[in-house]
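The values are calculated or read from the model by the stated rules, or taken from the named source; none is laboratory data. No experiment lies behind these values; they were computed from the predicted model shown. Here the Cβ positions follow ideal geometry from the backbone for every residue, glycine too, while neighbour counts run over all protein chains shown. These area figures cover heavy atoms from the full protein model, side chains too; ligands, DNA and RNA do not enter into them. Shrake-Rupley method; radii C 1.70, N 1.55, O 1.52, S 1.80 Å.
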Amino acid sequence: MQSRLVIFDWDGTLMDSIDRIVSSMQVTAKHMCLPVPEVQAVKDIIGLSLEPAIERLFGVLPSAQYDAFLARYRDEYVDLNVTPTPLFPTALAVLEELKRRQHIIAVATGKARKGLDRVWREVAMSDFFDASRCADETRGKPHPQMLHELMAQLQFEPHQTVMVGDSEHDMRMAKAAGTYAIGVDFGVHDATRLTAAGADVVISDLNQLPTLI
C-alpha cells in the first residue's frame, strides 16, 4: 500500500488510557446511583463522543442528570483518577519514523478538543501532528465526516489515506470514508471484531505499521 496521510485514533491506539476511562466511568456511575457497567461494556463505547456513549450505557438521562454525570466524569478522569495513561511503548518511535519518511500525520478522536489539547500538553506531542479532529467539532465516529474533513484540509484522497485505530468505530469510519483501515488489537476490540468491522489488516504492535504504509 502506498499512503502518505496516516490518521490515528488516540485512546487505545497511541495512548494506553483504557483502564482510566473504564474506572472513571464506573466510579461516576456509582456516584450518580446508576447501574455500574461491566468493563467490556465501557470498552465498547470508547471512541464515541460522550453523549452517545453515555446513552448506550445508561439510556437517555434527563438533562440535569446528564449534565451532572458529564461534569462528574470529567472531574474523575482529569483530576481524581490516578490510573496512569502512558503512551504505548512503541508509539513515539513509530511516529518519529513516519515523520522521517515524510508521511503526514493526523488524529481523529472521540475526545473533546479540550481533552486532546490537555493530553498533548502533558506528553509534549502536538508538534507530531499536522491536523486533528475531535468529537465536539464534527460528527462523531463511525460517521466518516472526521476523515472527510481531515482529507480535505490536508489535500489527500481516500486511496492515499490510512486510518489506524483499536475499535470497531474506527474501522467502520474508515470504510465509510473509503480509506484503508488498519486495526490494532491491543486496545478495546480484538482482531476478530476489528476484521468484522472492516479492518484491511490487524497488527499487534505499532512497530509493524511503517512497513505496511
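Key figures
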item	result
Net +/- balance of residues flanking Ala131 in space, Cβ distance below 13 Å, scoring K and R +1, D and E -1	-2
Accessible-area order (highest first, 1.4 angstrom probe) of the listed residues Thr90, Thr179	Thr90, Thr179
Quotient of C-alpha Rg and 2.2 N^0.38 Å, computed over the range 95-149	1.18
Karplus (6.51, -1.76, 1.60) ³J(HN,Hα), θ = phi - 60°, over the range 104-119, in Hz, Gly and Pro reported as x	8, 10, 9, 10, 10, 9, x, 5, 6, 4, 4, x, 5, 4, 5, 5
For Gln26, net neighbour charge (Lys/Arg +1, Asp/Glu -1) across residues whose Cβ lies under 10 Å away	-1
Exposure rank, largest accessible area first [Arg72, Arg133; 1.4 Å]	Arg72, Arg133
Chain lengthening between Val123 and Thr192 when straightened (0.36 nm per residue, less Cα-Cα)	21.7 nm
Alpha carbon centroid spacing (whole Å) that separates the range 91-128 from the range 1-76	21 Å
Test item: Cα-centred dipole of the chain, Lys/Arg +1 and Asp/Glu -1 on Cβ, debye	260 debye
Estimated distance in nm for a label pair at Thr211 and Ala41, the labels positioned 7 Å out from Cα along Cα-to-Cβ	4.1 nm
Amide H within-cut-off set for Ala197, under 5 Å, with H built and near neighbours excluded	none
Distant-in-sequence amide H partners of Met15 (H built 1.01 Å from N, under 5 Å)	Phe88
For the range 147-161, Karplus couplings with θ = phi - 60° (6.51, -1.76, 1.60), whole Hz, Gly/Pro x	5, 4, 5, 5, 5, 5, 4, 9, 6, 10, 9, x, 6, 9, 10
Karplus 3J(HN,Hα) series, Hz, for the range 187-200 with 6.51 cos²θ - 1.76 cosθ + 1.60 (x for Gly, Pro)	x, 8, 10, 7, 4, 4, 5, 5, 5, 4, 7, x, 4, 6
Unit charges at the beta carbon, dipole of the range 1-139: most positive-side option, Gly115, Ser3, Asn81	Ser3
Carbon plus sulfur fraction of accessible area for the chain, probe 1.4 Å, in percent	50 percent
Rounded accessible area per residue of the range 1-90, 1.4 Å, Å²	48 Å²
Cut-off under 5 Å, modelled amide H: who pairs with Ile203 long-range	Gly183, Val184, Asp185
Identified option (computed Kirkwood radius over Cα pairs in Å; candidates (i) 19.0; (ii) 17.3; (iii) 21.0)	(ii)
Probe 1.4 Å - accessible area at Asp166, Å² to nearest ten	0 Å²
Sequence of Met32, Met146 from largest to smallest accessible area, 1.4 Å probe	Met32, Met146
Fully extended contour minus Cα-Cα distance, from His159 to Glu96, at 0.36 nm per residue	20.4 nm
Rounded tilt (10° steps) of 91-100 against the dominant C-alpha axis of the chain	30 degrees
Over the range 44-115, equivalent-ellipsoid semi-axes from the Cα gyration tensor in Å	32, 15, 10
Value of [θ]222 nm, deg cm²/dmol, for the chain, DSSP H segments ≥ 4, -39500 (n - 2.57) each, nearest 500	-12500 deg cm²/dmol
